[in-house]
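Chemist: A single structure is presented below for examination.
The values are calculated or read from the model by the stated rules, or taken from the named source; none is laboratory data. Here the structure is a predicted model, which is why all the values come from computation and not from measurement. Using ideal geometry, Cβ is built from the backbone for each residue, glycine included, and neighbour counts are taken over all protein chains shown. Just the protein is used for accessible areas: all its heavy atoms, side chains included, with ligands, DNA and RNA removed. Shrake-Rupley method; radii C 1.70, N 1.55, O 1.52, S 1.80 Å.
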Amino acid sequence: MALRTLDLNAPPLLHILRSLCLLVLAASAAVSGRHHAPSPAHGTGQSMYLAPACRAHTASLADFGGVGDGTTSNTAAFRSAVDHLSQYSGEDGGGAMLYVPAGKWLTGPFNLTSHFTLFLHSDAVILASQDINEWPIIDPLPSYGRGRDKIGGRFASLIGGSNLTDVVITGNNGTIDGQGAMWWSKFHKNQLKYTRGYLIELMHSDTIYISNLTLLNSPAWNIHPVYSSNIVVQGITILAPTNSPNTDGINPDSCSHVRIEDCYIVSGDDCVAIKSGWDEYGISYGMPSQHIVIRRLTCVSPTSAVIALGSEMSGGIQDVRAEDITAINSESGVRIKTAVGRGAYVKDVFVRRMTLTTMKWVFWMTGNYNSHPDDKYDPNAIPVVDNISYQDVVATGVYKEAARLEGIQGAPFRGICVANVTAELSKSRKYPWTCADVEGVSVNVSPAPCEPLQGAHDGACPFPTDTLPIDQVTVQQCAYDVPGGGN
């Protein structure tokens, strides 16, 4: 990471030093919180890992001609391995695990299969190919109508799959490196004909478990489950330069029953962004993102949000629960992004126990996020934003405003509840809140919120007490024979 000169217009040095200390502590906590598989028992060729389902069959990438020297292409080896192991993908086949040994395994995109585990050794690195010809062009998502970067198709994601059941991507903190610098450069120079691919994208799938990995330098988004359900993302570290374009961390998109927890993300865009389609295409597809839990997330994103909802939310977003969130040097704690033409709704969003250090805004709502796939959007498709709760939030080193809340004229964002929130501004401001076209209540908030949020309120904001089905997903210890005796 390049060293930067001191910016005299930056927040006070005290806050920067505090941020660095918190960053070190958060990184240490993220590593210690992972579920590392135990080493093989002495005198045995077996090792253990944690997953919702174990597999009856194991093979190593080396068995299919893989060469982990960092320069030899392993695209054919990955595809051949998955194709071979797919014979066990039926419900009675026992499932299969592909073991990626220590080494640097250069590859283009490949797809997974059902009842399948991709397991990375602690010293395994999957390297994304720099040969753009190895990246197939696939159709745009139907709920978007086009690629996000460009009109038309998009490059495939490095690790993909569609219409799958029971997929596990895990390891002993092995690494998937997207080598994104080439893609970022071409994107900035407008040299790409198609939208960049992601590191991991699973579509139309059920029961996905992604854990105990480090993801580096994705071309764009890192983890993108779309049109899928019953998803757990746990113990993941995601790292990208904070000026890298669109390197969102985890983006559930038209997904239901999602659990994101114990993740550490440094990103050039939103750390977590919940989406559900873009304007008329998302409205037509009509698949919401809902029943989503986010816990113990640590985020660094100087130009974007810790948790974003939208802006592509035209299938609707509902029942999002976030708690125990830490952010350092990030643009905003929670941001809702939408616009006329999006339609649908963002409602029933509950956030509590956030600790934020060095922020531009604590909360940000935008009703005029005017990016559209084309000029065919419906100007009468007005999004509804309702029942948004923030409580138990402490923010220090806030150097813009406590909040910037801008709804839609004639369609105000309603049902906003803010309780037990303290935002310590780095400079005193006459108007520490900016509010337009919003309505709500507040209690025990400092600095005092804007008038539209000063409705009477006698206690805490709501937070659901029921248990979602995704919280009942558990893991078990799975044994596997270690190919070559390593782990």
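Chemist: Of the numbered conditions (1) in contact with a helix residue (DSSP H, G or I) (Cβ under 7 Å, 6 or more places away or on another chain); (2) open to solvent by 10 Å² or more (accessible area, probe 1.4 Å), ASP177 fails exactly one; give the number of that condition.
Modeler: (1)
Chemist: Looking at (1) within 30 Å of the chain's Cα centre (by Cα); (2) open to solvent by 20 Å² or more (accessible area, probe 1.4 Å), can you tell me which one TYR431 breaks?
Modeler: Of the numbered conditions (1) within 30 Å of the chain's Cα centre (by Cα); (2) open to solvent by 20 Å² or more (accessible area, probe 1.4 Å), the odd one out for TYR431 is (1).
Chemist: Scan the strands (runs of 3 or more DSSP E) fully inside the range 344-439 and keep the ones with 1 or more residues being among the acidic types (Asp, Glu).
Modeler: So the answer is 345-366, 384-406, 413-425.
Chemist: Among the residues of the range 298-314, is there at least one that is in a strand (DSSP E or B) and charged (D, E, K, R)?
Modeler: No, there is no match, as no residue in the range 298-314 is in a strand (DSSP E or B) and charged (D, E, K, R).
Chemist: Among the residues of the range 56-76, is any in contact with a strand residue (DSSP E or B) (Cβ under 7 Å, 6 or more places away or on another chain) and aromatic (Phe, Trp, Tyr)?
Modeler: No, that holds for no residue.
Chemist: Residues being among the hydrophobic types (A, V, I, L, M, F, W, C) and open to solvent by 40 Å² or more (accessible area, probe 1.4 Å): count how many of those fall in the range 442-454.
Modeler: The number of residues fulfilling the criteria is 2.
Chemist: Can you confirm whether the range 383-391 contains a residue that is more than 23 Å from the chain's Cα centre (by Cα), free of Cβ contacts under 8 Å to residues at least 12 places away in the same chain and open to solvent by 20 Å² or more (accessible area, probe 1.4 Å)?
Modeler: The answer is no, given that none of the residues of the range 383-391 is more than 23 Å from the chain's Cα centre (by Cα), free of Cβ contacts under 8 Å to residues at least 12 places away in the same chain and open to solvent by 20 Å² or more (accessible area, probe 1.4 Å).
Chemist: So which of SER289, SER301 ends up being more than 24 Å from TYR399 (Cβ to Cβ) and open to solvent by less than 10 Å² (accessible area, probe 1.4 Å)?
Modeler: Answer to the selection: SER289.
Chemist: So which residues in the range 344-358 are surrounded by fewer than 23 Cβ atoms within 10 Å (Cβ to Cβ) and of a type outside the set (S, T, N, Q), if there are any at all?
Modeler: TYR345, LYS347, ASP348, PHE350, ARG352, ARG353
Chemist: Could you please find all residues in the range 392-416 being open to solvent by 20 Å² or more (accessible area, probe 1.4 Å) and closer than 15 Å to GLU439 by Cβ?
Modeler: GLU406, GLN409, GLY410, ALA411, PRO412, ARG414, GLY415 - these are the residues of the range 392-416 that are open to solvent by 20 Å² or more (accessible area, probe 1.4 Å) and closer than 15 Å to GLU439 by Cβ.
Chemist: Does the range 355-374 include one or more residues that are closer than 24 Å to ARG148 by Cα and of a type in the set (A, V, I, L, M, F, W, C)?
Modeler: yes
Chemist: Also, quick follow-up: Find the residue count for the range 440-466, including only residues that are in a strand (DSSP E or B) and under 19 Å from ILE408 (Cα atoms).
Modeler: Residues that pass the stated criteria total 2.
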